[in-house]
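Read the structure below first, then the notes.
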Amino acid sequence: MLRMEIALFLVLAFVAYMYFSADKERTTLHRTFAVLLVTVLVHLLLDGITVYTVNHLHAVPQLLNDAVHRLFLGSMVLVIFLFYQYIAILVEEETGKPRRLDGPAKVFLALAELGNFLLPISYTVTAEGNYSSGPYMLVPYCGVAFYLLLCAGLLAVNWRQIDQKKKRAIGSALLIEVTVCALQGLNHTWLISGMGITLMTLSFYLTLENPDILRAELTEQKMSMLYLKSQVNPHFLYNTLDTIRIQAQLNGDKKVADLLMRLVDFFRLSVKVDRSLVTLDDEMELLEAYMELMCYRYPELQCEYDVDPDLGGALVPNFILQPIVENSLLHGLKNRGYRGEVRISARRTPENRLEIQVSDTGSGFAEGKKAAIDQLLMTYAKQPARLSGNSIGILNVQKRIKLLCGREYGLSYTENEAGGVTAHILLPLEAETA
């Protein structure tokens, strides 16, 4: 029996090595999985120790035997709690609904751990093998049942809103654990609880946390970004060149050279695709070149900047501001004859994050459009790659921010009281290193 625990530990140790040595998203979900992996490894180590001690009751001091058994079952309850936390966070990300059961789940964890170390413990000796028993065994049985019911409830209530792949991962993990618990309950000497926990961990790793899958998704987004950048709106190019041509016909002043230079700057900067992350200064330089051309084309269009100079070295995903500003012009200020203002600001939030805001004085959202945009941005992961359509820019920006920075970051919109809309881009605050 001890051989199985050793094998399970080695398998999970290899998975942990692969997971921690690969680049990962910096999200609450993945941090929870990282803690879960470490806790499962500790649990499997304690599982192997207890398998040995319970079958050598005469050779191992009872105090030591009791201590490792209590630690073993305490870690089991903690592992199942972390499985619940992982599923709850995943469901929250999929549905946007807050986690309302975290409080009761944590209270139950505290009570279960207290009971685990206070309730009497005993051991049953049989010809097939020994196992721990007594009132303290209520703790793992009740703990597993409680958290599995919470997980099943989350899955059932939010079934329609969860991605198919994630539903399968959660469902298969719960089915595995229920099956293993049933077999363990019917055959106490089998001592296979570690197998169920290992299989649950593997089901999440293989379907949701595999770094290769995450890298493949990121590569797909990068390829999409490269294609998009190669398909710069031709109307912008043609109209700008036409504006320059007319100006050149009217007078041969220096402004023509300046406009040509800004146009060259824009295309030179927009095709920099060798890095996924650039400094905020670089991103602002691209945006300023674009807006200078647009403001010249539309004399009643104004642009203001309010960027904290201390944030110039902060790293941001490449080419995210120009699509957002262009969206403000086309869907907000176009209806007003491009008369109005676009304001770009960047500040450090109290949580030490970077927030970039793009605000316009345009016509605002049409009826029902705000809800449609919110839904599009919330369900970004379910949206197929688009190469045409009105929402291609903001969807591409949202996907790249989520993949490069983490799921807690991204793009959102609010309506301004005085008219127009504001795009909010929330990013981690990381400075460029030499």
_Residue that is outside any loop (DSSP other than H, G, I, E, B), over 16 Å from Thr198 (Cα atoms) and open to solvent by less than 60 Å² (accessible area, probe 1.4 Å), where the choices are Val15, Val51, Val60_ = Val51
*Only one of these is acidic (Asp, Glu), in a helix (DSSP H, G or I) and modelled with pLDDT under 90: Glu94, Glu128. Name it.*
Glu94
*Scan Leu330, Leu377 and give me the residue that is part of a helix (DSSP H, G or I), among the hydrophobic types (A, V, I, L, M, F, W, C) and in contact with a helix residue (DSSP H, G or I) (Cβ under 6 Å, 6 or more places away or on another chain).*
Leu377
*Spot the failing condition for Leu202; the list is (1) open to solvent by less than 20 Å² (accessible area, probe 1.4 Å); (2) at pLDDT 85 or above, and only one is missed.*
(1)
*Taking Ser345 as the residue in question, decide whether it is open to solvent by less than 10 Å² (accessible area, probe 1.4 Å), closer than 22 Å to Gly410 by Cα and either in a loop (DSSP other than H, G, I, E, B) or of a type outside the set (Asp, Glu) (or both).*
no
*asked:* For the stretch 390-425, give me each residue that is open to solvent by 40 Å² or more (accessible area, probe 1.4 Å) and assigned to a strand (DSSP E or B).
replied: Ser412, Thr414, Glu415
*Just to be sure, is Leu8 open to solvent by less than 30 Å² (accessible area, probe 1.4 Å), of a type in the set (A, V, I, L, M, F, W, C) and under 24 Å from the mean Cα position of the chain (by Cα)?*
no
*Matching residues, the stretch 18-48, being among the charged types (D, E, K, R) and either under 26 Å from Ala127 (Cα atoms) or part of a helix (DSSP H, G or I) (or both)*: Arg31, Asp47
*Inspect the stretch 90-106 for any residue being open to solvent by less than 10 Å² (accessible area, probe 1.4 Å), under 29 Å from Tyr409 (Cβ atoms) and free of Cβ contacts under 8 Å to residues at least 60 places away in the same chain and give the result as yes or no.*
yes
*Would you be able to say whether some residue in the stretch 26-42 is surrounded by fewer than 18 Cβ atoms within 10 Å (Cβ to Cβ) and among the charged types (D, E, K, R)?*
yes
*Is one or more of the residues making up the stretch 1-14 touching a residue at least 60 places away in the same chain (Cβ under 8 Å) and farther than 30 Å from Leu90 by Cβ?*
yes
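The values are calculated or read from the model by the stated rules, or taken from the named source; none is laboratory data. Computed from a prediction, not measured in an experiment: that's the story for all the values here. When we count neighbours, we look across all protein chains shown, and the Cβ atoms used for this are built from the backbone with ideal geometry, even at glycine. With ligands, DNA and RNA removed, areas are computed over all heavy atoms of the protein, side chains included. Shrake-Rupley method; radii C 1.70, N 1.55, O 1.52, S 1.80 Å.
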